[in-house]
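**Student:** Okay, here's the structure, questions in a sec.
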Amino acid sequence: MRVYNTLTGKKEEFISINPGKVGMYVCGITAYDVCHLGHARSAIVFDVMKRYMRYSGFEVRHVRNITDIDDKIIKRAAQEGVSTVDIAKKYTEEYYRDMDRLGVSRADVEPKATEHIPEMIEIIKGLIESGYAYSVHGDVYFRVSRFSDYGKLSRRSLDDMMAGARVEVDEKKENPLDFALWKASKPGEPWWDSPWGKGRPGWHIECTAMSMKYMKYMGESFDIHGGGADLIFPHHENEIAQSEAFTGRPFVRYWLHNGFITVDKEKMSKSLGNFFTIKEILDKYDPEVVRYFLLSTHYRSPIEFSDAQLSESEVSIDRYYSTVLRVNDFLNEPSAISHQPSAIKVVEEFEKQISSLKEKFMDAMDDDFNTALALGHIFELIREANKFLDAKPRGQKAGELVAKSKEVLTELGNILNIFNRTPHEWYISLMKVKNVGFTEGDILNEITKRHGARQKKDWALADKIRNELEEKGIILEDKKDTTKWKIKVG
RNA sequence: GGCGGCGUACCCAAGUGGUUAAGGGAGAGGUCUGCAAAACCUUUAUCCAGCGGUUCGAAUCCGCUCGCCGCCUCCA
């Protein structure tokens with residue numbers, strides 16, 4: 001397996017510290033507002049990495065933190081006239097609701113900052129003792145000039161950063177680039193006791209404390225640290241500085257960062273206000289569509305968000321379920337396997353396609369989690385399966401192959417956590433999302449009515465019924481001796 | 001100002017030194033069908049922003065130009 005490591009700027013062979021085991025820490029959210037699509041991308045991408053590594057045989061320990069105390073939470077609490085605890089609780093719940101709907105699995109440990117204050121204080125004390133940090137009027141800052149590797153992740157030097165015009169000068173800091181490990185609390189703000197007085201932790205220290213605590217079994221380094229690319233600087237840079245200054249050892253082996261979602265080519269972000277919340281997107285699209293959309297581009301590339309793109313993803317998934325529908329029909333047709341077997345050549349060709357898919361899929365995923373390519377391979381088999389079914393295959397072997405193809409597609413889909421419903425569940429779900437004014441019973445009634453008309457060769461009435469349903473977003477497809485319904489996509 | 005990334009068909013998107021440049025959508029033609037839909041087949045980039053260079057050979061490496069974006073401040 002090869003992964004792109006932000007630290008080295010290269011794709012590298014992935015070698016875990018402990019053979020067969022992977023420790024992965026991913027920065028979660030700050031619970032101060034509802035999540036937007038950008039949060040979904042990060043969560044989904046790292047969820048898929050975890051699923052794939054487990055599928056490949058790794059034992060993965062996944063830690064994802066929740067920041068439940070910070071400036072933005074304090075601000076929000078003040079605005080709403082409630083406590084920071086209430087704000088954090090409310091938005092943590094919202095976050096879990098969104099993630100559950102999107103099919104993002106829980107991490108093995110989901111630590112909260114406020115539950116690890118003593119651990120943070122210990123690290124800060126150690127950093128002060130070794131001269132890497134200093135306290136001023138109840139604040140504690142990290143002394144970046146003391147850490148010679150500062151800037152190695154984001155590839156910039158202290159001089160470069162000083163040259164940047166946007167460094168705020170703070171009287172209390174020795175160097176404007178020094179960052180807070182501990183902040184003295186202002187009146188009315190939440191606080192914890194510390195050797196430097198009442199205060200609260202800075203943002204970066206929680207990840208150092210919690211990753212060390214929950215990755216401890218690995219030693220003082222762990223394998224993967226992930227998050228959005230916007231965390232590279234300063235957050236992850238600062239984590240490296242604190243952690244490596246404290247332990248004197250490398251903090252993390254592989255730094256993985258996902259790219260942004262853009263709107264009109266610009267980064268989707270809170271500050272630009274061009275964001276779409278997960279909730280509002282899920283009002284219009286099935287969660288599987290959102291997942292597919294986010295996995296149809298490589299995780300490090302930007303993805304342009306648009307309704308057109310989501311609709312295309314919807315069409316792609318529909319192609320999958322339409323094929324499964326055909327596969328199921330075939331498997332339920334007993335005459336198919338009892339007949340004389342089909343030509344050996346056709347059968348062998350399909351067998352080859354099925355057996356090569358898994359390998360191609362894994363090759364793609366092994367190459368820095370190339371989900372876009374992996375999905376491309378899946379659709380190659382979809383085409384082959386349809387082609388095989390078009391050839392009206394017969395015989396027991398043909399039946400086994402069709403069943404096998406479905407099995408493989410389901411197995412690989414599970415890694416991405418898509419393609420794991422029945423076609424019927426897919427269409428029922430679309431019915432809700434698209435506000436089709438019909439129940440399934442209504443549709444079946446119409447189909448029965450139309451069936452009568454068709455038997456009488458009353459094509460005018462049959463077409464009228466079909467057209468009326470289509471206007472409601474319901475598609476009828478006539479099969480050999482039955483009629484299937486679907487929900488119109490795209 | 002410093003650092004970094006991107007530019008592949010009508011649209012989205014893989015591919016980063018070597019047979020026919022994945023896959024999906026859209027378009028055109030065909031097969032199938034009562035007609036459709038779905039599916040399948042054929043077709044749509046002699047070419048990968050432009051120019052130059054390295055090489056037997058480049059979309060893929062190097063240089064320059066143009067365009068777009070990101071980070072340097074909170075941010076997934």
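The values are calculated or read from the model by the stated rules, or taken from the named source; none is laboratory data. Bear in mind that the values here come from a model prediction, so they are computed numbers and not experimental data. Note: ideal-geometry Cβ built from the backbone for every residue, glycine included; neighbour counts use all protein chains shown. Side chains are part of the model used for accessible areas, which takes the heavy atoms of the whole protein and leaves out ligands, DNA and RNA. Shrake-Rupley method; radii C 1.70, N 1.55, O 1.52, S 1.80 Å.
**Student:** Taking the Cα centre of the stretch A:305-422 as the origin and placing charges on Cβ (Lys, Arg +1; Asp, Glu -1), which of A:GLN340, A:ALA403, A:ASN328 is farthest toward the positive end of the dipole?
**Tutor:** Looking along the dipole axis, the top candidate is A:GLN340.
**Student:** Excluding ligands and nucleic acids, what accessible area in Å² is computed for A:VAL433 using a 1.4 Å probe, to the nearest 10?
**Tutor:** We get 30 Å² for A:VAL433.
**Student:** Can I ask one more? Leaving ligands and nucleic acids out of the surface, order A:HIS451, A:HIS39 by accessible area at 1.4 Å, largest first. List each step's numbers first, then the result.
**Tutor:** Numbers: A:HIS451 90, A:HIS39 60 Å².
Ranked from most to least accessible, the order is A:HIS451, A:HIS39.
**Student:** Can you tell me how the stretch A:116-237 classifies by the Cα gyration tensor, rounded, prolate or oblate, using a/c under 1.5 as the rounded cut?
**Tutor:** oblate
**Student:** Moving on to the next point. Please report, in debye to the nearest 20, how large the charge dipole of chain A is about its Cα centre when each Lys and Arg carries +1 at its beta carbon and each Asp and Glu carries -1 there.
**Tutor:** Details: 72 positive and 77 negative charges, 215 e Å.
Once rounded to the nearest 20, the dipole reads 1040 debye.
**Student:** Evaluate the relative contact order of the stretch A:2-283 (contact order divided by residue number), counting alpha-carbon pairs under 8 angstrom at least 6 apart; express in whole percent.
**Tutor:** Details: 449 pairs, mean separation 67.8, N = 282.
Contact order relative to length: 24 percent.
**Student:** Charges at C-beta only: +1 for Lys and Arg, -1 for Asp and Glu. How large is the resulting dipole of the stretch A:434-487 about its Cα centre, in Debye rounded to 20? Display every interim value, and only then the final one.
**Tutor:** Working: 13 positive and 11 negative charges, 39 e Å.
Roughly 180 debye for the stretch A:434-487.
**Student:** Which far-off residues, 5 or more places away or on another chain, put their amide H under 5 Å from the one on A:TYR4, with H placed in the peptide plane?
**Tutor:** Under 5 Å from the amide H of A:TYR4 lie the amide H atoms of A:GLU12, each far enough along the sequence or on another chain.
**Student:** A follow-up question, please. Using Cα positions and a limit of under 15 Å, work out the aspartates and glutamates in reach of A:LYS432, with same-chain residues fewer than 8 apart set aside.
**Tutor:** A:GLU280, A:ASP283, A:ASP286, A:GLU288, A:GLU314, A:GLU440, A:ASP442
**Student:** Which value, in Å² rounded to 10, gives the accessible area of A:LYS213 with a 1.4 Å probe and all protein chains present?
**Tutor:** 90 Å²
**Student:** Working from Cα positions, state the angle (0 to 90°, nearest 10) between the long axis of helix A:344-366 and the longest principal axis of chain A.
**Tutor:** Taking Cα atoms only, the helix is inclined about 10 degrees.
**Student:** At a 1.4 Å probe radius, which order do A:HIS298, A:HIS116 fall into by accessible area, largest first? Each step should come with its number before you reach the end.
**Tutor:** Values: A:HIS298 35, A:HIS116 5 Å².
The ranking, largest first, comes out as A:HIS298, A:HIS116.
**Student:** Sticking with this structure for a sec: For a test of the definition: using alpha carbon positions, the gyration tensor, and the 1.5 limit on a/c, classify the stretch A:2-283 as rounded, prolate or oblate. Before the final figure, lay out the partial values.
**Tutor:** Values: a/c = 1.42, a/b = 1.12, b/c = 1.27.
Cα axes put the stretch A:2-283 in the rounded bin.
**Student:** So who's got an amide H within less than 5 Å of the one on A:ASN65, skipping anything under 5 residues away but keeping other chains? H placed 1.01 Å off N, in plane.
**Tutor:** A:VAL26, A:GLY28
**Student:** Still on this structure: First check a/c for the stretch A:4-154, with a ≥ b ≥ c the square roots of the eigenvalues of its C-alpha gyration tensor; if it is under 1.5, answer rounded, and if not, answer prolate when a/b is larger than b/c or oblate otherwise. Mind dumping the intermediate values first?
**Tutor:** Working: a/c = 2.04, a/b = 1.08, b/c = 1.88.
Oblate shape, in that a/c is at least 1.5 and b/c is the bigger or equal ratio.
**Student:** Right, next: Show me, for the stretch A:127-139, the HN-Hα J-couplings you get by feeding each phi into the Karplus relation (A = 6.51, B = -1.76, C = 1.60, θ = phi - 60°), rounded to Hz, glycine and proline as x.
**Tutor:** 5, 5, 4, 8, x, 8, 9, 9, 9, 9, 6, x, 9
**Student:** Please name which of A:GLY103, A:MET362, A:HIS62 has its Cα lying farthest along the dipole of chain A towards the positive end, using unit charges on Cβ (Lys, Arg +1; Asp, Glu -1) and the Cα centre as origin.
**Tutor:** Toward the positive end, the furthest listed residue is A:MET362.
**Student:** For the stretch A:247-404, what is the relative contact order in percent, using Cα pairs closer than 8 Å and at least 6 residues apart in sequence?
**Tutor:** Working: 139 pairs, mean separation 41.1, N = 158.
In percent, rounded to a whole number, it is 26.
**Student:** If you don't mind, another one. Can you compute the charge dipole magnitude of the stretch A:1-146 about its Cα centre, using +1 on each Lys and Arg Cβ and -1 on each Asp and Glu Cβ, nothing else charged? Give it in debye, rounded to the nearest 20. Don't jump to the answer; show the numbers that get you there.
**Tutor:** Numbers: 22 positive and 21 negative charges, 124 e Å.
Approximately 600 debye in magnitude.
**Student:** Still on this structure, I have one more. Relative to the longest principal Cα axis of chain A, at what angle does helix A:84-102 sit, 0 to 90 degrees, rounded to 10?
**Tutor:** Taking Cα atoms only, the helix is inclined about 30 degrees.
**Student:** So in the stretch A:2-283, what percent of DSSP beta bridges are antiparallel if you round to the nearest 5? Please list the in-between numbers first.
**Tutor:** Values: 18 of 37 bridges.
About 50 percent, rounded to the nearest 5.
**Student:** Go through A:LYS186/A:LYS270; A:LYS112/A:LYS213; A:LYS434/A:LYS486; A:LYS358/A:LYS486; A:LYS457/A:LYS480 and tell me which ones have a Cα-Cα distance over 18 Å in this structure.
**Tutor:** Details: A:LYS186/A:LYS270 26 Å; A:LYS112/A:LYS213 12 Å; A:LYS434/A:LYS486 12 Å; A:LYS358/A:LYS486 29 Å; A:LYS457/A:LYS480 15 Å.
The answer is A:LYS186/A:LYS270; A:LYS358/A:LYS486.
**Student:** Nearest 10 degrees, 0 to 90: what angle lies between the long axis of helix A:71-80 and the longest principal axis of chain A (Cα atoms)?
**Tutor:** Helix A:71-80 sits at roughly 70 degrees to that axis.
**Student:** Test of understanding: what is the full-extension gain from A:GLU80 to A:ARG249, defined as 0.36 nm times their sequence separation minus their Cα-Cα distance?
**Tutor:** Values: separation 169, 0.36 × 169 = 60.84 nm, distance 4.34 nm.
Contour length minus Cα-Cα distance gives 56.5 nm.
**Student:** Rounded to the nearest 0.05, what FRET efficiency do A:GLU400 and A:LYS488 have when you use their Cβ-Cβ distance and R0 = 35 Å? Spell out each step's value before the answer.
**Tutor:** Working: r = 34 Å, r/R0 = 0.97.
Efficiency computed from Cβ-Cβ geometry: 0.55.
**Student:** What FRET efficiency do you get for A:GLU440 and A:GLN309 if R0 is 22 Å and r is their Cβ-Cβ distance, rounded to the nearest 0.05? Please report the intermediate quantities before stating the final value.
**Tutor:** Numbers: r = 29 Å, r/R0 = 1.33.
With a Förster radius of 22 Å, E is 0.15.
**Student:** Determine the relative contact order of the stretch A:349-411: mean sequence separation of Cα pairs under 8 Å and six or more apart, normalised by residue count, in whole percent.
**Tutor:** So the answer I get is 39 percent.
**Student:** Give the ranking of A:SER42, A:SER296 by solvent-accessible surface, highest area first, calculated with a 1.4 Å probe.
**Tutor:** Most to least solvent-accessible, the answer reads A:SER296, A:SER42.
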